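Notes to accompany the following structure.
The values are calculated or read from the model by the stated rules, or taken from the named source; none is laboratory data. None of these values were measured; they are calculated from a predicted model. Glycine also receives a Cβ, built like all others from the backbone with ideal geometry; neighbour counts cover every protein chain displayed.
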Amino acid sequence: MFRTIKLKLPYDKSLLETGERFREACQMALDYGFSARTFNKNKLNRATYEDVRKAIPTLPSALVQTARDTASESLKQTKLEKKIHRKSLTIRYDRRTFRFYPDSHTISLTTVSGRLVFPVALSPLIEKYRGEYTNAQVFIDTKHRKMSVMIQVELQDKEVEKKVYNNIKVMGVDRGIRNMAVLSNNIFFNSAQLKDVKGRYRYNRKKLQHAGTRSAHLKLKELSGRERRFVQNTNHAISKQIVNFPFDVIALEDLGSARMRTKRNGRRFNRKLGSWSPHHLEQFIEYKAQERNKSVVYVNPRYTSQRCSSCGYVHKDNRKGSVFRCLKCGFELHADLNASRNIEVLGKSEYFRLLSTSQSLRFDESMPTDVAETSNKLQPFRVQ
Ligand SMILES: [Zn+2]
């Protein structure tokens, strides 16, 4: 069920400028669509995106896109029968460009001056309007110097929540040395090929370094470029496959944690795989997941290799090398696969924790920690 919340905003210079730039971007798409006889979003995007970015460099890319969507809908409504001159200074926001924080009485909006947080006055009725804040529109009235925002909220009752919880599909990914990635749906990405090629490069490099001539030096340079591209292609291929599986959420171990540090810094690991690292793979996964509207969550890797994914029993002797055998229930599985299934379970609860606290997932702009203290300030501030 959808509801709308209307709130007053302080009259702000950056927001006003954003409204004007948004209108220009929208007009460019309108003009193109009218002359090219199309309201197709993809066509409009292909034809106008670069030009709009060049003409209006201060307008963030996500707003260029919502301006184009707005134009597309206006063109569709008028059936391309008349030329449209956009007058209103209305800005459309989506999940990428706004976030509403009812607890701290603030809303953050993307503007030409970066992400700004605005204080808003709320009535106690707001409790009835808890849910997912899906999109928003900012209205600017220059004549009366007034600004307001309409937020659309999707109300969620407990039953719906439970259904969502049961239907959401999470994939756990265990990253390591022998297997670069093991997925909880039983897919293994082996590093043997990478190591092979790396070894060959290392051998050639040594030979050339030994030669020490000018041509050897040039050859060395070429080689390192080729090696880098090879690693990049490998990451590209693996991450593409991972995000293309039919899952909504991809769960990875948090690289900042102690266990992953050991994994990452292992000497043998570095020598064998050279510039490949789980971190690079992670960046590829994040980027591709974002394109496909999927989420990436990070979990604490503690116990993921010791816990039995069948009965939950944790013991360090459960694992011996690549074999996992539960001391309590006898469950047996490849150790990395067992770990990836534990990561899946942790990922699911982490995903819902983030949803229910309405904090952003990691690939979004995160909520500023000092937001609560600034609710009385009338000036917006920038999110770091
Ligand atoms: Zn067990």
Exercise for the section: Name the single residue, out of those in the range 13-32 being small (G, A, S) and out of contact with any Ser or Thr (no Cβ under 7 Å at 6 or more places or on another chain), that is surrounded by the fewest Cβ atoms within 10 Å (Cβ to Cβ). Expected result: G19
Problem - the range 306-322 residues that are closer than 14 Å to H334 by Cα, paired with ones that are within 9 Å of the ligand (Cβ to nearest atom) and part of a helix (DSSP H, G or I) (beta carbon under 7 Å, 6 or more apart) - result: Q306/N318; C308/N318
Handout entry: Conditions (1) at pLDDT 95 or above; (2) under 30 Å from Y129 (Cα atoms); number of the one not met by S74
Key = (1)
Fill in the blank from the handout: Requiring at least 1 residues that are touching a residue at least 40 places away in the same chain (Cβ under 8 Å) and within 27 Å of K146 (Cβ to Cβ), the helices (runs of 4 or more DSSP H) wholly within the range 1-105 are 13-36, 61-77
Handout entry: Residue among K54, K8 that alone is in contact with a strand residue (DSSP E or B) (Cβ under 6 Å, 6 or more places away or on another chain), exposed (fewer than 14 other Cβ atoms within 10 Å of the Cβ) and closer than 27 Å to R115 by Cβ
Key = K8
Practice task
Evaluate the range 283-293: report whether one residue or more is under 15 Å from L183 (Cα atoms), away from the ligand (no atom under 16 Å from the Cβ) and at pLDDT 90 or above.
Solution key: yes
Fill in the blank from the handout: Within the range 323-343, the residues that are closer than 21 Å to A251 by Cβ and within 11 Å of the ligand (Cβ to nearest atom) are F324, F331, L333, N338
Completion exercise
Of (1) closer than 30 Å to L30 by Cα; (2) surrounded by 21 or more Cβ atoms within 10 Å (Cβ to Cβ); (3) modelled with pLDDT of 90 or more, V153 satisfies every one except (3)
Problem - Residues of the range 287-307 classified as among the polar types (S, T, N, Q) and under 21 Å from the mean Cα position of the chain (by Cα), total - result: 4
